[in-house]
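Quick notes on the structure that follows.
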Amino acid sequence: MIKIVIGFHENKDVLAATEIANKNEDLEVKIVNSDKELIDAIKNKEIDATIRGSLKSSDILKTLKKLNKNSKISRASYIKSDDFEFLLGPVGIDECKSLDEKIKLVDGCVEFIESLGKIPKIAILAGGRKEDLGRSPNIDKSITDSEKLAIELENELKLKNLDFSIKNYYILIEKAIKEENNIIITPDGISGNLIFRTLVLVNSWKSYGAITLGIEEIFIDTSREQTKEGYLRAIDLAYELCKSKQD
């Protein structure tokens, strides 16, 4: 039996989703009410996966980083449009501040997409079009950083002999989505968080939660404002990841 622990604070959609999930005879979902209890569950080897649910995330992520000091932890939200699914990251407002951290994020995303039997199709985003260079120092840095990232990733992935595609879409996120890229890398965590909230919480695109990459533990980060269906998708994803890990 798969054992999953999910956090609950105020948002009762967590309770409703858990009740539905527990109808699966091969699954036991337990609810905890504090960061400490969820952290204890993460450390417990008898627990197969943990989900943030509607708890605050700061202390939980700090603990994950302490438990995995030699790993670069990052998160990417797994989102479903009408036609396809993709990873969006970074989505943590303080994550991926350097080129190396973004490369680690993409490496984790590529590994996840390949585990689904799909070919990684990577879109890099920036804070402006290529011709916007010179409009401000911040825009210039975002554009040049995106170009460096695209080049370094292409070289790295070619050395690994992977089947992939990569393209710099600059600020044209609409094209990146229209062309069905399954990994979309935002300029920074703040813009990634805003894009996530716009797509999922405003436009009602389906989210499975944010997958925590770079660690052995299965931890799904979810928004405190998620719906019953959203929490249920996160539980379903955690369950499927646990089953895959057992195989």
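The values are calculated or read from the model by the stated rules, or taken from the named source; none is laboratory data. These numbers come from a predicted model, not from an experiment. A quick note on method: Cβ atoms are made from the backbone with ideal geometry, for glycine too, and the neighbour counts reach across all protein chains shown.
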I need every pair where a residue in the stretch 49-75 that is touching a residue at least 40 places away in the same chain (Cβ under 8 Å) has its Cβ under 7 Å from the Cβ of a residue that is outside any loop (DSSP other than H, G, I, E, B) and among the polar types (S, T, N, Q), sequence separation at least 6 or different chains. Leu64/Thr212; Ile73/Thr212; Arg75/Thr212
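Listed here are the residues, each with its yes/no results for (1) surrounded by 13 or more Cβ atoms within 10 Å (Cβ to Cβ); (2) touching a residue at least 40 places away in the same chain (Cβ under 8 Å); (3) in the same structural domain as Ile51 (by TED's automatic domain parsing); (4) closer than 24 Å to Ser244 by Cα.
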{"residue": "Phe86", "(1), (2), (3), (4)": "yes, yes, no, yes"}
{"residue": "Gly89", "(1), (2), (3), (4)": "yes, yes, no, yes"}
{"residue": "Glu95", "(1), (2), (3), (4)": "yes, yes, no, no"}
{"residue": "Lys104", "(1), (2), (3), (4)": "yes, yes, no, yes"}
{"residue": "Cys109", "(1), (2), (3), (4)": "yes, yes, no, yes"}
{"residue": "Phe112", "(1), (2), (3), (4)": "yes, yes, no, yes"}
{"residue": "Gly117", "(1), (2), (3), (4)": "no, no, no, yes"}
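With respect to Ile73, determine if the residue is crowded, with 19+ Cβ neighbours inside 10 Å and over 16 Å from the mean Cα position of the chain (by Cα).
no
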Residues satisfying the stated conditions in the stretch 129-140, i.e. part of a helix (DSSP H, G or I) and in contact with a helix residue (DSSP H, G or I) (Cβ under 8 Å, 6 or more places away or on another chain): Lys130, Asp132, Ile139
Given the structure, is Lys167 in contact with a Phe, Trp or Tyr (Cβ under 7 Å, 6 or more places away or on another chain) and either outside the structural domain of Met1 (by TED's automatic domain parsing) or without any contact (Cβ under 8 Å) to a residue 12 or more places away in the chain (or both)? no
Anything in the stretch 141-200 that is in contact with a strand residue (DSSP E or B) (Cβ under 9 Å, 6 or more places away or on another chain), in a loop (DSSP other than H, G, I, E, B) and acidic (Asp, Glu)? List them, or say none. Glu179, Glu180
Residue check, Ser81 against (1) within 23 Å of Gly189 (Cβ to Cβ); (2) exposed (fewer than 15 other Cβ atoms within 10 Å of the Cβ); (3) assigned by TED's automatic domain parsing to the domain that holds Ile220; (4) of a type in the set (S, T, N, Q), all met but one. Which one? (3)
Quick one: count up the residues across the stretch 16-41 that are farther than 21 Å from Gly230 by Cβ and either in contact (Cβ under 8 Å) with a residue 40 or more places away in the chain or in contact with a helix residue (DSSP H, G or I) (Cβ under 9 Å, 6 or more places away or on another chain) (or both). 3
Hey, does the stretch 17-31 have a residue that's at pLDDT below 90 and closer than 16 Å to Ser223 by Cβ? no
